[in-house]
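What follows is a set of notes on a single structure, which appears directly below.
Just so it is clear, none of the values below were taken in a lab; they were calculated from the coordinates. Bear in mind the structure is a predicted one, so any value in this text is a computation, not a measurement. Cβ: placed from backbone, ideal geometry, glycine included. Neighbour counts: every protein chain shown.
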Amino acid sequence: MNYLSKQMADMTRPALLVLVSFLYVSSAWAQVPKGEADYYKIVTLPIPENVILEVGGMDVLPDGQLAVSTRRGDVWLIKNPYMSGRKRPEFKRFAHGLHEALGLAYRDGAFYTSQRSELTRLKDMNGDGRADLYETVYSWPLEGNYHEYSFGPLIKDDGTMIVTLNLAWIGYGASLSKWRGWMLEISPDGDMTPIATGMRSPAGFGFNMEGDVFYGENQGDWIGSGYITHVEKGDFVGNPQGLKWTHLPESPLSLRPEDVPDSGKPMVEVAPDVPDLKMPAVWLPHTLMGVSTSDILADNTKGGFGPFAGQLFVGDQGQSRVMRVFLEKVNGVYQGAAFPFREGFSSGVLRMVWGKDHSMFVGMTSRGWGSTGRSPYGLQRLEWTGEMPFEVHSVEARPDGFELTFTKPIDRSIAADPASYHVTGFTYQYHSTYGSPITNQETSEIQGVSVSEDGLSARIAVSGLRKGYIHELKLTSLRSEGGDALLHDVAYYTLNEIPGGPKMTVKASQNDRARTDESSSSMVASAQPKRMTTMPEDWTNGPDATITIGTEPGLQFDLPAFDVQAGSRLKLIFDNDDDMMHNLLVVQPGSADKVGEQAIALGLEGPNRSYIPDLEEVLFHTVLLEPDSKETIYFTVPETPGEYVYLCSFPGHAFTMRGVMRVVER
């Protein structure tokens, strides 16, 4: 008898049951799949109660202090942001009275920030730790529209500063003031050079490891989905409003707004006929990879932040997450793959910067913009735990498909099976309408697979590759040699160019590619009991009550709550008078979070299903409605009194856009 067996034999029955239960629970716990937090830990920095840290910009100083500018117009210096020695960070206000400082950079003893109407230099002249020089470097016109945000600067090696200017919003994006919708370069002496236009809401931009500039865009008019684009002088990157100023002698473009057709064709089909139109380097499919692209940060930590050195991290404000982007150049053109990386931040991610310890500071704000993170603002730090996640490290284009590399060796028998890979191509419409449904969706056939001997890469031959299209790679079945599932099993590759070179030798396929009906859209859904759009015939006396619900800015319903009698007949009118798409779902008490999470999990099928998950907790719903449209539904109110949440399940909206239907007894 071994030691453990002897000890168990000597135990009383109750004690033995406790031990067995402990061993069972411990075994079950050991088998729980690891999640993002096991590899990248979020650490929250405590913020003093008197500091409203709606982060607009961040930079790390040579001495390790973190500097933060805010939408409230302050600049704060934070000592010990790493909380070493378990000491709390110390906050000191360096500057105040600025007008929405949405960017911050430090160079040669001075801070630079973009206010609404100018690029400002801030400097401590007497050494007391507070700015006493507020100097205008360059000023631009301002109409006064609330949406005329200004971002930056990003400082080049030679000291030249880059800023971007947001379009105004008047029911559509508009360049009401000179250079709105443009990227500008400004010298330290205040000389300005316009670089590129076509930008709608260029909140984030940064360098890749080669020093090239990329900017991030948000879905809107002329922008079917978020993306990042390599920007060079003379580029037109999509929204034609900024072309209003190309007649000026400083403009590097001559393209005019009327030269851009509003046809609704995919951008790749329009680009050959529109000189200077630059395709996105990498699309970030809307709701699948975020809803409002923010900062861009290259991993220059040389492995200090994990296995993704040289890649880009891209923030998302609406979904409070950070994504990862692998870039490559094919035929001189940037393209690459976007991956999920880390979600769960406390507010809307707007700014990211590297700390001295190779951790990532994440600055957040959500006022007026809405985010899945429910705090109005926040400051957190993302740390690599040192443990290696099983991930797709990169996806590279091949003449007949893609080559995937992994952070750990894969199970070669599973990886060699073509059924382990699913590839779907799709794109968006290029038009003046706000956003776009997914269009031209087409499933590709996996014609062959070749796995490397070390198990660290797999090449797949794929039918029907299309230039200018996004290709979703679903890899749910893949496992590591140790049996682990991928931490993230999806990638979205933007194929701007197809490389040359030898193709894989594969057998001819006998299967036709599956096509989706191109006429389908997220606006189409069949009537079902949960969605009755005509009044039931047995309601001879009509509804017992009629409720109309509209929207408010900032992802809100205009009716936060209403009372209705249990078992009564209700006519509910949802008027989407917003500038974004919304739906309305009435759900069981206590299930709102689950419904919102499952709506996001619908993935590529979400738009075709109006982001309505097939859950019993969903009681009644409208379809996803375009801006300035409405739908009426009829239903009998539940007999059980309680608080029934109604929400918009469009990804990024569900945790903010809510109301309560209070069901009361008759």
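Before moving on, here are some points about what is shown:
- Label zone (residue 546, point 7 Å along Cα-to-C-beta; backbone nitrogen cut-off 13 Å) within segment 554-592: 570-574.
- Under 17 Å from residue 123, Cα to Cα: aspartates and glutamates that are on another chain or at least 8 residues apart: 59, 63, 74, 108, 132, 135, 189
- For the listed peptides 333-341, 631-639, a ranking on the average number of other beta carbons within 10 Å per residue, highest first, reads 333-341, 631-639.
- Top positive-direction residue, dipole computed over the chain with Cβ charges, set 549, 264, 615: 615
- Separation of alpha-carbon centers, segment 431-488 and segment 157-185, rounded to whole Å: 36
- Calculated P(r) of segment 392-495 - Cα pairs past 23 Å, %: 28
- As a calculated quantity, the FRET efficiency between residue 160 and residue 52 at R0 = 30 Å, using C-beta atoms, amounts to about 0.40.
- In this structure, the residue pairs whose Cα-Cα separation is over 28 Å, taken from 34/594; 329/503; 356/594, are 356/594.
- Cα centroid of segment 592-660 to Cα centroid of segment 396-413, whole Å: 38
- Sequence-distant aspartates and glutamates (8 or more away, or on other chains) whose Cα lies within less than 17 Å of residue 474: 391, 396, 403, 411, 417, 442, 445, 484, 489, 605
- Per-peptide packing, taken as the mean over residues of other Cβ atoms within 10 Å, places 158-164, 81-87, 224-230, 36-42 in the sequence 224-230, 158-164, 36-42, 81-87 from highest down.
- Fully extending the segment from residue 639 to residue 193, taken as 0.36 nm per residue of separation minus the present Cα-Cα distance, adds 153.9 nm.
- Taking other residues whose beta carbon is less than 15 angstrom from the beta carbon of residue 638, and scoring Lys, Arg as +1 and Asp, Glu as -1, yields -3.
- Available extension along the chain between residue 566 and residue 665 is 35.1 nm, counting 0.36 nm per residue and deducting the alpha carbon span.
- Base-10 log of normalised Debye intensity for segment 545-664 (one unit scatterer per alpha-carbon) at q = 0.13, 0.20, 0.22, 0.23 Å⁻¹: -0.44, -1.09, -1.32, -1.43
- The slack between residue 88 and residue 615, meaning 0.36 nm per residue of separation minus the straight C-alpha distance, is 185.3 nm.
- Here the label points at residue 479 and residue 534, each 7 Å from Cα along the C-beta direction, are separated by 5.2 nm in the simple model.
- Computed per residue of the chain from DSSP H runs no shorter than four, each worth -39500 (n - 2.57), the mean residue ellipticity at 222 nm is -2000 deg cm²/dmol.
- Here is the size of the chain from its Cα atoms: Rg then Dmax, 26.8, 94 Å.
- Alpha carbon convex hull of segment 37-384, volume per residue in cubic angstrom: 136
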